[in-house]
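The values are calculated or read from the model by the stated rules, or taken from the named source; none is laboratory data. No experiment lies behind these values; they were computed from the predicted model shown. Cβ atoms come from the backbone with ideal geometry, glycine included; neighbour counts cover every protein chain shown.
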Amino acid sequence: MNRNTRALMGIIILLCPSPLLAHEVDLTKLPVGDGRISSSPTKGSIYACQARFNPNAPGAHQTGDWMNADGTFDLTKKVTVDGEVFHVSDFSAVIVDGKRKITGNALPSHPTGQFPISPNDEAFNYDRNPGSINAHRFEVELPVDPQMAEAPSCVPMGAIGIMLTGGVLFNALDARGDDALAHEILDKCGGHPQQTGLYHTHGKSPCQEDKGNDTQASDLLGYAFDGFGIFGPHDLDGAIVTSADLDECHGHVGEIEWDGKIVTMYHYHATADYPYTLGCFRGTAVKAKGLNERMAIGIPAARGPKRGQRPPPGGRRPF
């Protein structure tokens, strides 16, 4: 198993040489999510608030041999950004007056790669992210007992949740509307900074601990901005959950541990397959103060090259 494989296997997956059965995902042939954007809640897609995407928007300028010809990608071959940088993470989640008040500086408790990406890094051949990681003081109040809304709502570009690592979660799309995990070059913990230096992941960080296994349910990993929990890929019976097992928002109703009690309620799962976390909000979402309003509505900072073209001087600004 090579360095990239070990680094990116944060979600426990079963590799199988035969056709896939339920709860099995082949890391070497993950379906690319490009084009799976919908204008209404749709299973296996992103119900995006942003209706139009610019194919020339910022993004990785090249792809590598991890992209297969059959519309899948091989996660075990994907390049990651070098480095192991530790940050002073500040994260607090407390219940105050019936609300879950979450504050922090948006820096993760796990290490990150070295950003800006060095010209000596192999990743520089594919992605010349010039951003540095900066703290972003934020605050959000979520319902302790979130309720399912009458209808699901769209997810914005930018922050859709906060993980217990203190890191920010974005949806699965890059600025071009493509599958960010398939195309963008991330560090070994699955993240990178955008133009204001906000470090974020587009799915579960491989560096976030999850005690889930074949007989034990996954841990709570974080909170979506509608208040519902985001759990790892193992369901109550230990089975690995995929997008096919979940609803149009990438969640379902089931038994979970919630604030120290076993309850039956709606929750999301982080899976190995697209759309990785939320496809839409199943509850009523709120915005987090301090997490860059510009990014929350998905406005690209500048035009960038199409994949396969040379980036402009100074690199590109990622989502």
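Some notes on this structure:
For every residue, the table says whether it meets (1) touching an Asp or Glu at 6+ places or on another chain (Cβ under 8 Å); (2) not charged (D, E, K, R).
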site	(1), (2)
ASN105	yes, yes
PRO116	no, yes
ASN134	no, yes
ASP145	no, no
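- Single residue of VAL85, VAL140, VAL81 found to be touching a residue at least 24 places away in the same chain (Cβ under 8 Å) and closer than 25 Å to LYS289 by Cα: VAL140
- Considering (1) among the β-branched types (Val, Ile, Thr); (2) within 26 Å of ASP34 (Cβ to Cβ); (3) in a strand (DSSP E or B), the lone condition that ILE185 does not fulfil carries the number (3).
- Only residues that are of a type in the set (S, T, N, Q) and either touching a helix residue (DSSP H, G or I) at 6+ places or on another chain (Cβ under 7 Å) or in a strand (DSSP E or B) (or both) were counted in segment 143-182, giving 1.
- Remark: pairs (first residue in segment 231-244, under 20 Å from GLY161 (Cα atoms); second residue of a type in the set (Ser, Thr, Tyr) and assigned to a strand (DSSP E or B); Cβ separation under 9 Å; 6+ apart in sequence or on different chains) = PHE231/TYR268.
- Within segment 114-142, restricting attention to residues that are in a loop (DSSP other than H, G, I, E, B) and acidic (Asp, Glu), the residue that is farthest from VAL263 (Cα to Cα) is ASP121.
- Of the residues in segment 211-232, none is modelled with pLDDT of 95 or more, buried (at least 21 other Cβ atoms within 10 Å of the Cβ) and closer than 21 Å to THR80 by Cα.
- Selection from segment 233-261 of residues that are out of contact with any strand residue (DSSP E or B) (no Cβ under 6 Å at 6 or more places or on another chain) and either within 14 Å of LEU278 (Cβ to Cβ) or assigned to a loop (DSSP other than H, G, I, E, B) (or both): ASP235, ASP237, ALA239, THR242, SER243, ASP247, GLU248, CYS249, HIS252, ASP259, GLY260
- Of all residues in segment 1-59 being surrounded by 19 or more Cβ atoms within 10 Å (Cβ to Cβ), out of contact with any strand residue (DSSP E or B) (no Cβ under 9 Å at 6 or more places or on another chain) and in a loop (DSSP other than H, G, I, E, B), the one that is modelled with the lowest pLDDT: GLY10
- Considering residues of segment 123-157 that are in contact with a strand residue (DSSP E or B) (Cβ under 9 Å, 6 or more places away or on another chain), charged (D, E, K, R) and surrounded by fewer than 16 Cβ atoms within 10 Å (Cβ to Cβ) only, the residue farthest from SER205 (Cα to Cα): ASP145
- Pick from segment 243-289, criterion among the basic types (Lys, Arg) and touching an Asp or Glu at 6+ places or on another chain (Cβ under 7 Å), ranking: nearest to ILE46 (Cα to Cα): ARG282
- Scanning segment 71-89 for residues that are β-branched (Val, Ile, Thr) and more than 19 Å from the chain's Cα centre (by Cα) returns VAL85, VAL88.
- Output for segment 67-113, where each listed residue is assigned to a loop (DSSP other than H, G, I, E, B) and touching a Lys or Arg at 6+ places or on another chain (Cβ under 6 Å): THR80, ASN105
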